[in-house]
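Reviewing the structure listed below.
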Amino acid sequence: MILPIFSWWLISGIFAAAVFPISWHIFHRLPDRGYGFLRTFGLVLCGYGFWMGASLQLLPNNYSGVVTTLLVLIMIAFFTARGSWHQMRAWLHARRRSVLFMELVFLLAFVGWAWVRANNPEITGTEKPMELAFVNSILRSEGFPPRDPWLSGYAISYYYFGYVLISMLTMLSGVAPGVGFNLGNSLWFGLVAVGSYSLIYNWINRSSQGEPRYLPALVGPLATLISGNLGGFLEVL
């Protein structure tokens, strides 16, 4: 289980690095320049480009299609960063503690929930079997919309973009669909943790001129993922 977890952490980090120049310009008013949302931002941008390309029959729904989309995104980000490399390096150096703290928040949440899913990997209950069917259908379809897993000859008549994102990471990492589903569940947990942390971090440091405050922002993931849903938390325990 360690290698798949590492591969998803690394791939999500590549998505984040690919869009950092774009985020650095778009979120220039935020203290963290949108760093806490980089993985989500990169995954959504690449996923949307891949989905559009496969829907218009411009890209194949496979590993090469995802890589092509990612390379195009990197080229766009490289063009966006022209003339700003020095400023971005200086910002990363000045905010290195904040960056490392956010990376730690994501890593602990992602690995922690992956451990929970590894000890409870059954894809049963509520909508999980349907969701896994969607992931399998997307992975086996030539293009989009993907094939309906229940009604042969028809396409899925339901929103499925989130499952495209999980399928993309499953293709890139080469894991089995069931493993990819559980890792996707863990990745979402990590993304929500660092995203909610970023929201509170930007709020409490929006007018601060001194050293940024890190620990108070932990109320974001704690309130969103734990105390905000104590029923689910107690059920997991």
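Miscellaneous remarks
- Peptides 47-57, 172-182, 226-236 ranked from most to least packed give 172-182, 47-57, 226-236, packing being the mean of other C-beta atoms within 10 angstrom over each peptide's residues.
- Annotation: amide H-H contacts under 5 Å for residue 155 (H modelled 1.01 Å from N, sequence separation of 5 or more, or interchain): 148.
- Distance between the modelled labels on residue 219 and residue 76, one decimal in nanometres: 3.6 nm (7 Å Cα→Cβ projection).
- For the chain, a Kirkwood hydrodynamic radius built from all Cα pairs, placed in the Stokes-Einstein relation at 25 °C and 0.890 mPa s, yields a translational diffusion coefficient of 129 µm²/s.
- Exposed trypsin sites (Lys or Arg not before Pro) absent: longest stretch of the chain, with sites in DSSP loops and at most 10 other Cβ within 10 Å deemed exposed: 83-205
- Residue among 27, 110, 134 with the largest mean-square fluctuation in a Gaussian network model of the chain, springs linking Cα atoms under 10 Å: 27
- Sites residue 64 and residue 151, calculated FRET efficiency, Cβ-Cβ separation with R0 25 Å, nearest 0.05: 0.30
- Rolling a 1.4 Å probe over the protein heavy atoms gives the chain an accessible area of 54 Å² per residue.
- Helix 63-80 axis versus longest C-alpha principal axis of the chain: approximately 30°, rounded to the nearest ten.
- Helix 177-204 and the longest principal axis of the Cα set of the chain meet at an angle near 30°.
- Farthest toward positive dipole pole in the chain [+1 Lys/Arg, -1 Asp/Glu at C-beta], among 167, 155, 111: 111
- Translational D in µm²/s for the range 46-160 (Stokes-Einstein at 4 °C, 1.567 mPa s, Kirkwood Rh from C-alpha pairs): 73
The values are calculated or read from the model by the stated rules, or taken from the named source; none is laboratory data. Since we're looking at a predicted model, the values are computed, not measured. As a convention, Cβ positions derive from the backbone with ideal geometry for all residues, glycine included, and neighbour counts pool all protein chains shown. Each accessible area value is taken on the protein alone, full model and side chains, heavy atoms only, with ligands, DNA and RNA left out. Shrake-Rupley method; radii C 1.70, N 1.55, O 1.52, S 1.80 Å.
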